[in-house]
1. Only one of (1) at the interface with chain B (Cβ under 9 Å from one of its Cβ atoms); (2) in contact (Cβ under 8 Å) with a residue 12 or more places away in the chain; (3) assigned to a helix (DSSP H, G or I); (4) not basic (Lys, Arg) is not met by residue A:394, so which one is it?
2. Return only the number of the condition from (1) surrounded by fewer than 19 Cβ atoms within 10 Å (Cβ to Cβ); (2) among the polar types (S, T, N, Q); (3) within 14 Å of another protein chain (Cβ to nearest Cβ) that residue B:45 does not satisfy.
3. Could you figure out which of (1) assigned to a helix (DSSP H, G or I); (2) surrounded by fewer than 20 Cβ atoms within 10 Å (Cβ to Cβ); (3) within 14 Å of chain A (Cβ to nearest Cβ) isn't true of residue B:188?
4. Among (1) farther than 20 Å from residue A:178 by Cβ; (2) touching a Leu at 6+ places or on another chain (Cβ under 7 Å); (3) among the charged types (D, E, K, R), which single condition is residue A:221 missing?
5. Of all the residues that make up the stretch A:284-301, how many are aliphatic (A, V, I, L, M) and more than 16 Å from residue B:19 (Cβ to Cβ)?
6. When you look at residue B:69, is it under 19 Å from residue A:293 (Cα atoms) and touching a Gly at 6+ places or on another chain (Cβ under 9 Å), yes or no?
7. Just one of A:264, A:259, A:316, A:282 is buried (at least 18 other Cβ atoms within 10 Å of the Cβ) and more than 21 Å from residue B:80 (Cα to Cα); which is it?
8. Going residue by residue through the stretch A:56-69, is there one that turns out to be surrounded by 12 or more Cβ atoms within 10 Å (Cβ to Cβ), small (Gly, Ala, Ser), touching a helix residue (DSSP H, G or I) at 6+ places or on another chain (Cβ under 7 Å) and farther than 20 Å from residue A:13 by Cα?
Amino acid sequence: MNRRDKARMVVQPLLVVGLLSISSGIGYAFHFSEFPETNIVITYLLAVHMIAWLTEGFLWGLLSSVIATFLFNFFFTEPYLTFSVNDPSYIITFFIMTVVALITSTIASHAQKSALDARQKETETKAVYNLTNHLTDASNINDIVGFTVGEISTCFGCRAACLCFDENGNSERFFIQQQTESRQVRREIENPEEIKRRMEQLKTGYEIGSEFYDWPIYGYEKMLGMIRIPIKTAQTMSAAQTRLLRSMIESVALAMDRLRASELHNRSREETVQERYRANLLRAISHDLRTPLSGIMGTSEMIMDMSTQTDPRYDLASAIHKDADWLHSLVENILSLTRLQEGKLILNKQPEAVEEVLAGAIERISKQWPEYEIDVSMPDELLMIPMDAKLIRQVLINLLDNAIKHTLPDGDIHISVEKDENSHFAVFKITDSGSGISQEDLPHLFQMFYTSRTQIADAKHGIGLGLTICDAIIKAHGGTIEAKNRNDRTGAEFTFTLPMEVQMYEQLS
Amino acid sequence: MLKPTILVIEDEEAICNFITAILNSNGYQVIKTGAGKEGLSMAASYSPDVILLDLGLPDIDGVEILKSIREWSKIPVVVVSARGHEREKVEALDLGADDYIVKPFGTSELLARIRTALRHSPQSMGAQALGEEKTTIGDLQLDYEKRSVFLAGKAIHLTPVEYKILALLSKNAGKVLTHDYIMKEIWGLYAGDSHTLRVNMANIRRKIEENPGAPKYILTEMGVGYRMVEEL
């Protein structure tokens with residue numbers, strides 16, 4: 001019970017006694033002046049009305065109505081100064097007086113209560129409005145916490161505090177508390193995990209701690225933090241105040257949610273920009289590499305043409321050409337990869353004749369490795385498959401290149417295409433007769449930048465990108481890709497599939 | 001005999017030097033420039049036999065140069081472009097370029113393109129326009145007068161459309177023909193999509209190629225068109 005309540009308990013009975021005494025005094029004056037008794041009754045009624053109006057609740061009004069009737073009976077009806085009455089008609093007067101007094105006091109109390117309610121509502125609205133107003137201006141979480149703590153402290157006349165939870169819903173290590181009217185302090189939490197756990201198990205609207213009552217701030221998705229009200233204040237809070245606190249917390253939750261959302265939005269936009277920047281950079285570099293590489297390859301080829309094969313310069317030029325060629329295929333792969341990793345891979349899908357794509361890949365490989373023979377088998381009928389021809393050709397080139405790197409020139413490399421009538425997939429199979437894939441490499445084959453450790457370094461350099469790209473391209477087409485060792489003999493077998501038909505949703509879009 | 005003159009419009013010095021060296025050592029006379037505007041005026045004043053044009057020039061878009069050259073001249077133009085720019089190549093070919101070559105290219109590839117371009121230049125076309133009656137490429141023989149095709153002496157049965165496609169390609173042997181160009185020549189203005197062409201091409205290959213997966217006579221230029229080889 002606070003001081004205000006105590007004062008009220010003293011003032012209100014005094015008010016009742018005082019007003020009734022005054023009206024009794026006025027009644028005596030009227031009595032001696034021999035005014036009609038009606039005036040005295042009216043005076044008592046006025047007193048009752050004023051008491052009901054000035055006190056809180058119905059109690060004092062009702063009490064004073066009854067007391068007023070008895071006082072009138074005691075002082076002003078014959079026999080005087082007794083509660084008995086000679087004229088029975090006074091009974092009617094008493095009855096009506098009591099009823100009228102009761103009614104007026106009830107009405108007055110009611111009006112007074114409505115006025116009080118309205119005032120309370122107004123302060124509530126004002127407080128919430130103030131808070132919301134400040135929160136709208138807040139540009140970061142510290143602003144929000146600062147305003148909230150300040151506003152709640154003023155509103156409830158206490159030293160309120162606020163603890164935030166981070167994006168993963170974990171409690172932070174510090175909370176902010178209002179110290180004086182203009183000063184806020186950071187205080188450390190002893191056991192954040194404990195607080196989090198307690199809050200998660202919360203069933204009622206708040207949680208009672210050793211120093212504070214903690215009210216959780218629930219966001220759209222998870223708990224954002226909590227408002228801490230010192231125990232002393234919290235225990236004496238009226239229902240209206242609790243309601244006010246709830247609506248304030250609700251606005252805080254909204255503001256925090258809004259801030260979180262905009263932070264998230266900004267961050268993802270930044271990430272996209274950075275990602276695009278990186279891809280662009282990579283692409284620009286690759287593009288610029290192509291041109292000088294053309295020069296190097298062309299010039300070295302020319303030197304080869306101008307020298308005889310026994311000339312040592314021929315081998316030197318040939319080595320330059322091989323390396324430049326390798327760099328060139330790396331650049332091609334990086335360019336494909338940047339295209340694939342831009343997130344939204346735009347496949348330029350068109351029905352393509354499989355044999356044409358196959359021939360394109362083989363032509364390119366034969367130019368690079370003329371000493372190798374590639375065996376091709378295809379169905380007799382024309383196979384048209386929706387695909388991005390450039391990308392699928394890249395897949396074939398990478399797989400063939402891979403096969404060649406692991407096979408000696410006289411070994412056989414075979415590529416076959418078949419139609420799987422049941423599943424409506426075209427099955428591409430590339431087999432070599434090299435040493436096969438070691439068991440430890442098998443699971444990592446399609447990972448980025450994975451090159452086999454069992455290989456002698458730089459024997460035939462792998463890029464570590466080729467198979468990753470194949471994987472990404474085939475998956476983007478809705479197909480599958482897998483690698484295994486041949487059953488019939490040593491060597492690796494790569495199989496990938498492509499759907500024969502354009503999927504329904506793609507046709508629609 | 002007068003050396004054929006080749007105008008090289010290319011801004012990359014390394015590539016320009018390398019092209020010049022190859023062409024010089026193979027009996028061509030070369031004039032070169034790195035700027036598009038200069039290239040245009042040189043094309044007019046020197047009247048070269050072939051123009052080698054890089055599409056990625058710093059001052060003017062290569063396609064624009066091609067357009068202005070085609071306004072007044074039929075000099076064969078071979079376009080040089082980076083790999084992956086299929087649309088650019090097709091656009092250039094449709095605008096009247098005679099052929100294209102992709103960076104990085106080898107010596108033999110460059111020389112082959114230049115030779116083909118020279119064969120199709122206005123001067124030499126005079127003789128060819130009269131029409132050869134026969135073409136022989138490897139084992140493949142076409143008789144235009146009788147409209148018949150032989151492979152290693154054996155007659156091959158082709159549908160009229162297949163024959164028309166094969167004849168068109170063989171008359172332009174060595175040159176790349178875009179899908180659109182072939183379709184317009186064969187089916188006229190109302191040529192639909194390239195699907196029909198691909199089906200016909202697959203059928204032709206099954207009749208003349210040993211292995212359609214590794215064709216010898218008709219090569220596919222991915223995303224661009226087809227090219228018939230001049231010789232095996």
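The values are calculated or read from the model by the stated rules, or taken from the named source; none is laboratory data. Everything quoted here is computed from the prediction, not taken from an experiment. Every residue, glycine as well, gets a Cβ built from its backbone with ideal geometry; the counts of neighbours run over all protein chains shown.
1. Result: residue A:394 fails condition (1) only.
2. All conditions are met except number (3).
3. The number of the failed condition is (3).
4. (2)
5. Of the residues in the stretch A:284-301, the ones aliphatic (A, V, I, L, M) are A:284-285, A:289, A:293, A:296-297.
Keeping just the survivors that are more than 16 Å from residue B:19 (Cβ to Cβ) gives A:284-285, A:289.
Matching residues across the stretch A:284-301 total 3.
6. Taking the combined requirement at face value, the residue does not satisfy it.
7. Details: A:264 fails: buried (at least 18 other Cβ atoms within 10 Å of the Cβ); A:316 fails: buried (at least 18 other Cβ atoms within 10 Å of the Cβ); A:282 fails: buried (at least 18 other Cβ atoms within 10 Å of the Cβ).
Among A:264, A:259, A:316, A:282, only A:259 is buried (at least 18 other Cβ atoms within 10 Å of the Cβ) and more than 21 Å from residue B:80 (Cα to Cα).
8. no
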